[in-house]
There are 2 protein chains.
Amino acid sequence: MPRDGGATRDLLLDVAERLVERNGFAATSVEMILSEAGSSKGAFFHHFSSKRALAHALVERYVAADLGTLAAGLEAASGESDPVAKLLAFLDYFVGRASALTSESACLYIAVLVEQDLLDDVTSAHVERAIIGWREAVAALMREAFAAMPWDRPRPEPEDLADQLFVVIEGAFLMCRAAGSPEPMRAQLLVYRQLVAALL
Amino acid sequence: MPRDGGATRDLLLDVAERLVERNGFAATSVEMILSEAGSSKGAFFHHFSSKRALAHALVERYVAADLGTLAAGLEAASGESDPVAKLLAFLDYFVGRASALTSESACLYIAVLVEQDLLDDVTSAHVERAIIGWREAVAALMREAFAAMPWDRPRPEPEDLADQLFVVIEGAFLMCRAAGSPEPMRAQLLVYRQLVAALL
DNA sequence: TCCTTTCCAGACCGTTCGGTCTGTTTGTAG
DNA sequence: CTACAAACAGACCGAACGGTCTGGAAAGGA
């Protein structure tokens with residue numbers, strides 16, 4: 001093999017992700033990516049058969065990283081043996097990392113979901129995989145915490161409550177955009193943590 | 001005055017809103033809007049000086065409608081004299097109208113916020129106005145309900161808890177997109193309602 | 001009636017888009 | 001050293017983009 005194609009491919013993905021998160025997919029031209037990356041069309045269409053193929057690769061990589069931070073949160077909470085403490089430690093992990101989340105100005109999922117054209121079999125399968133990953137892991141934590149803590153009033157279904165975390169994170173991304181500040185992410189994650197804690 | 005220009009303008013806004021909510025702003029061309037509306041470029045650029053001016057008009061109209069549904073929710077809850085019942089009635093109003101919210105497949109705010117280029121003085125001022133409108137009205141309901149219902153544990157700030165409603169709605173819009181179903185909107189609003197109710 | 005102003009249709013323009021193609025460089029295997 | 005395939009650079013293409021311009025139709029005031 002000649003020059004290291006993997007490095008160029010990664011660079012193109014890095015630059016593309018930044019630009020797409022800032023301006024959306026349709027508003028980000030291939031030429032902008034190339035100019036920013038200091039690359040050329042030859043390189044781009046060598047690594048990606050089309051702009052849509054770039055979107056597929058972009059989402060696949062993003063989902064992998066996203067499920068990675070989920071795993072990191074689970075790992076951070078794994079020290080706690082008490083189910084309630086474990087759930088709260090899990091949530092605290094993301095509250096603490098809120099500023100790191102919003103350093104990248106927005107979430108790629110939003111850019112993909114906002115354009116129906118981009119929601120083909122490939123992208124929607126990837127996003128669905130991410131959502132289900134979060135749902136199942138968080139719902140399991142919820143169930144254990146609930147079982148350890150009887151309650152007189154009815155509680156939400158753990159799956160729906162787990163989805164609420166995903167929903168709050170995505171919504172908070174949008175509010176950060178509107179506010180022009182990363183602060184709402186932390187505030188909203190903290191509110192979610194407090195609301196969940198009130199069920200325990 | 002010649003033919004009724006207002007009707008054409010409204011039609012263009014209606015069609016544009018539908019297409020932008022479906023595919024985003026950048027991916028929606030002026031010609032697509034015209035073809036869908038059965039109109040022409042002459043008409044379009046007579047009513048809007050540029051595509052950006054269309055975005056401004058679109059957001060302005062959407063914010064007005066959005067604050068209208070907020071007012072409708074407040075009106076629906078105004079019958080209750082007890083602050084707690086009033087807050088819950090307010091939230092129930094939106095749970096009940098969840099399917100109506102997601103009939104329009106997505107929220108225009110998302111399409112605007114996802115493209116940084118679109119966030120100029122005009123659009124960001126409109127969106128901020130909407131967010132503050134919801135925050136202040138909902139936070140007021142929260143404060144009254146909290147005051148009527150003492151609590152031993154610390155509660156979230158009413159403003160942050162009010163923002164959480166906006167955040168959940170926007171996030172739920174995205175989840176509806178990912179799921180290809182309007183169902184998550186209702187489920188997530190219900191979860192939010194249950195979480196708030198657990199504080200009372 | 002006629003004139004004016006608004007409203008609209010559609011041809012047209014320069015630019016930019018995603019994508020193709022040709023040619024050259026670069027690492028590696030034999 | 002040679003051959004070959006992967007990796008890239010950049011000119012080029014047709015289509016589509018946002019926007020302009022000219023001409024004509026429709027309504028109201030004089």
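The values are calculated or read from the model by the stated rules, or taken from the named source; none is laboratory data. Please read these numbers as outputs of a predicted model, since none were measured by experiment. Heads up, the Cβs are rebuilt from the backbone with ideal geometry, glycines too, and the neighbour counts pull from every protein chain shown. Surface areas here come from the heavy atoms of the whole protein model, side chains and all, with no ligands, DNA or RNA. Shrake-Rupley method; radii C 1.70, N 1.55, O 1.52, S 1.80 Å.
A:Glu60 meets the conditions (1) within 20 Å of A:Glu170 (Cβ to Cβ); (2) within 16 Å of DNA strand C (Cβ to nearest atom); (3) open to solvent by 50 Å² or more (accessible area, probe 1.4 Å) in every case but one. The failed one is (2). Being more than 7 Å from chain B (Cβ to nearest Cβ), open to solvent by 10 Å² or more (accessible area, probe 1.4 Å) and modelled with pLDDT of 95 or more is a property that does not hold for A:Glu115.
Filtered by the rule that a residue be assigned to a helix (DSSP H, G or I), open to solvent by 30 Å² or more (accessible area, probe 1.4 Å) and in contact with a helix residue (DSSP H, G or I) (Cβ under 6 Å, 6 or more places away or on another chain), segment A:79-94 gives A:Pro83, A:Lys86, A:Tyr93. For segment A:141-178, filtered to residues that are within 24 Å of the chain's Cα centre (by Cα) and part of a loop (DSSP other than H, G, I, E, B), the residue that is surrounded by the most Cβ atoms within 10 Å (Cβ to Cβ) is A:Pro156. Beta carbons closer than 7 Å, at least 6 apart along the sequence or on distinct chains, pair a first residue in segment A:25-52 that is over 22 Å from A:Tyr109 (Cα atoms) with a second that is more than 7 Å from DNA strand C (Cβ to nearest atom) and hydroxyl-bearing (Ser, Thr, Tyr) for A:Leu34/A:Ser40; A:Ser39/A:Thr8; A:Ala43/A:Thr8; A:His47/A:Thr8. Criterion first (more than 14 Å from chain A (Cβ to nearest Cβ) and within 16 Å of DNA strand C (Cβ to nearest atom)) does B:Ser78 satisfy it? Spelling it out, it is not the case that B:Ser78 is more than 14 Å from chain A (Cβ to nearest Cβ) and within 16 Å of DNA strand C (Cβ to nearest atom).
In this entry, A:Ala37 passes the filter for residues that are within 12 Å of DNA strand D (Cβ to nearest atom) and either within 19 Å of A:Ala100 (Cβ to Cβ) or more than 14 Å from every other protein chain (Cβ to nearest Cβ) (or both).
Considering every residue within segment B:43-53, establish whether at least one is within 25 Å of the chain's Cα centre (by Cα), within 14 Å of another protein chain (Cβ to nearest Cβ) and under 30 Å from B:Gly133 (Cβ atoms). Yes: segment B:43-53 contains one or more residues that are within 25 Å of the chain's Cα centre (by Cα), within 14 Å of another protein chain (Cβ to nearest Cβ) and under 30 Å from B:Gly133 (Cβ atoms). Taking interchain pairs and intrachain pairs at least six residues apart, which have beta carbon atoms under 6 angstrom, with the first residue in segment A:121-146 and outside the structural domain of A:Ile110 (by TED's automatic domain parsing) and the second at pLDDT 95 or above and surrounded by fewer than 17 Cβ atoms within 10 Å (Cβ to Cβ)? Close Cβ pairs satisfying both conditions: none exist. Screening the candidates B:Asp4, B:Asp14, B:Asp10 for the property of being within 16 Å of DNA strand D (Cβ to nearest atom), acidic (Asp, Glu) and not assigned by TED's automatic domain parsing to the domain that holds B:Arg193 yields one hit, B:Asp4. Which ones in segment A:40-53 are part of a helix (DSSP H, G or I) and within 14 Å of DNA strand D (Cβ to nearest atom)? Selection gives A:Lys41, A:Gly42, A:Ala43, A:Phe44, A:Phe45, A:His46, A:His47, A:Lys51. Note on segment B:179-200: among residues that are more than 7 Å from chain A (Cβ to nearest Cβ) and part of a loop (DSSP other than H, G, I, E, B), the one that is least open to solvent (accessible area, probe 1.4 Å) is B:Leu200. Can you pull out every residue in segment A:1-31 that is open to solvent by 80 Å² or more (accessible area, probe 1.4 Å), assigned to a helix (DSSP H, G or I) and either within 10 Å of DNA strand C (Cβ to nearest atom) or of a type outside the set (D, E, K, R) (or both)? Within segment A:1-31, A:Glu31 is the sole residue that qualifies. Between B:Ala71, B:Ala100, the distinction of being open to solvent by less than 50 Å² (accessible area, probe 1.4 Å), over 25 Å from B:Gly6 (Cα atoms) and part of a helix (DSSP H, G or I) belongs to B:Ala100 only. When you look at A:Ser35, is it surrounded by fewer than 17 Cβ atoms within 10 Å (Cβ to Cβ), of a type outside the set (Phe, Trp, Tyr), over 20 Å from A:Ser124 (Cα atoms) and more than 12 Å from DNA strand C (Cβ to nearest atom), yes or no? In short, no. Note on segment A:154-165: residues that are touching a Lys or Arg at 6+ places or on another chain (Cβ under 7 Å) and within 7 Å of chain B (Cβ to nearest Cβ) total 1.
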